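Here is the structure we will look at, set down as structure tokens.
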Amino acid sequence: MKKRGIVTAILAAAALAVTGCAETAGQAKESAAAITTQAVSSAQAQVSGNTVTVTAKGSVKETPDMAAISLGITTNESTAEKAQKKNTESVNKVKEKLKDLGVEEKSLQTSGYDIYPQYDYNSNKITSYQVTTTLTVSDRKIADTGKLITEAVAAGANNVNNVTYTCSSYDEKYQEALQAAVSAARAKAQVLAEAAGKTLGEPSVLVEGYQDTSAQYDPTVSGKTMAMESMNSADSMQMEPGQMSIDADVTVTYSMQ
């Protein structure tokens, strides 16, 4: 009996040291339960004294409806001057075609311009020069992007670098994701509180985590969206945007009784 009492006292003292709380010997059992809960839960949950802090994520799937397209026009000539001249002519043709399709100046950006000498590595001599201009077209409805790419390629664009999708409903869907994150946080905290033998109280601290706005379409920044004239679908490529995940993270601290 004496040895058992000594072991119990040591365990209680260890629990007091880990939690950092000035508890009485009668509270040592509750502290030990809290420590055990913390050890078996994820690294995003922490039980300490009479509070529990959890981090949770909420996700909402949404189909993108807007797009930005990066187009490249690359030309090769024997001299840098000839390559630049030919490239400028090709770029102007592509720009005119884009404007014919309803793309405004504020939705068209020259986002890259490069000149590279081309080498014959056997002779270590420059054989030609390559010039590439990159045009980024924003504010396109996804239904129009296939036609835009088809027409731009026909006008002289010989690189389609990427298509970036965004959602005009991003703000609404992000709020839904926030609500889901808060609900998930409470459910996680409830499990931890019960495992610690306590009753979950009200939240005392609620912090929003990092927000990835890469899927957000902001018409106030990008400008007005122009619609294109209809075109036979057989003549245009079809774009499949799939779905995007709009995520929200929260960290919540709850009281426990």
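Just one of T166, T133 is crowded, with 18+ Cβ neighbours inside 10 Å, over 26 Å from the mean Cα position of the chain (by Cα), β-branched (V, I, T) and part of a strand (DSSP E or B); which is it?
Step by step, each of T166, T133 is checked, and only T133 is crowded, with 18+ Cβ neighbours inside 10 Å, over 26 Å from the mean Cα position of the chain (by Cα), β-branched (V, I, T) and part of a strand (DSSP E or B).
Give segment 58-69 a look and list any residue that's buried (at least 18 other Cβ atoms within 10 Å of the Cβ) and not in a loop (DSSP other than H, G, I, E, B), or say none.
G58, V60, E62, M66, A67, A68, I69
Out of (1) open to solvent by less than 80 Å² (accessible area, probe 1.4 Å); (2) modelled with pLDDT of 95 or more, what's the single condition that is false for G102?
Result: G102 passes all but (2).
Report yes if A155 is modelled with pLDDT under 95 and either loosely packed, with under 14 Cβ neighbours inside 10 Å or out of contact with any Leu (no Cβ under 7 Å at 6 or more places or on another chain) (or both), otherwise no.
no
Quick one: is Q84 modelled with pLDDT of 95 or more, assigned to a helix (DSSP H, G or I), farther than 20 Å from N161 by Cβ and touching a strand residue (DSSP E or B) at 6+ places or on another chain (Cβ under 7 Å)?
For Q84, the condition - modelled with pLDDT of 95 or more, assigned to a helix (DSSP H, G or I), farther than 20 Å from N161 by Cβ and touching a strand residue (DSSP E or B) at 6+ places or on another chain (Cβ under 7 Å) - is met.
What pairs come out if I take residues in segment 168-192 that are in contact (Cβ under 8 Å) with a residue 24 or more places away in the chain and pair them with residues that are of a type in the set (F, W, Y) whose C-beta lies under 6 Å away, six or more apart or interchain?
Pairs found: S168/Y217; A189/Y254.
Within segment 201-254, work out how many residues are at pLDDT below 75 and on the phi > 0 side of the Ramachandran plot.
Total meeting the criteria: 1.
The values are calculated or read from the model by the stated rules, or taken from the named source; none is laboratory data. For clarity, every value in this text was computed on a predicted model and none was experimentally measured. In this analysis, Cβ positions are derived from the backbone assuming ideal geometry, glycine residues included, and neighbour counts consider all displayed protein chains. Side chains are part of the model used for accessible areas, which takes the heavy atoms of the whole protein and leaves out ligands, DNA and RNA. Shrake-Rupley method; radii C 1.70, N 1.55, O 1.52, S 1.80 Å.
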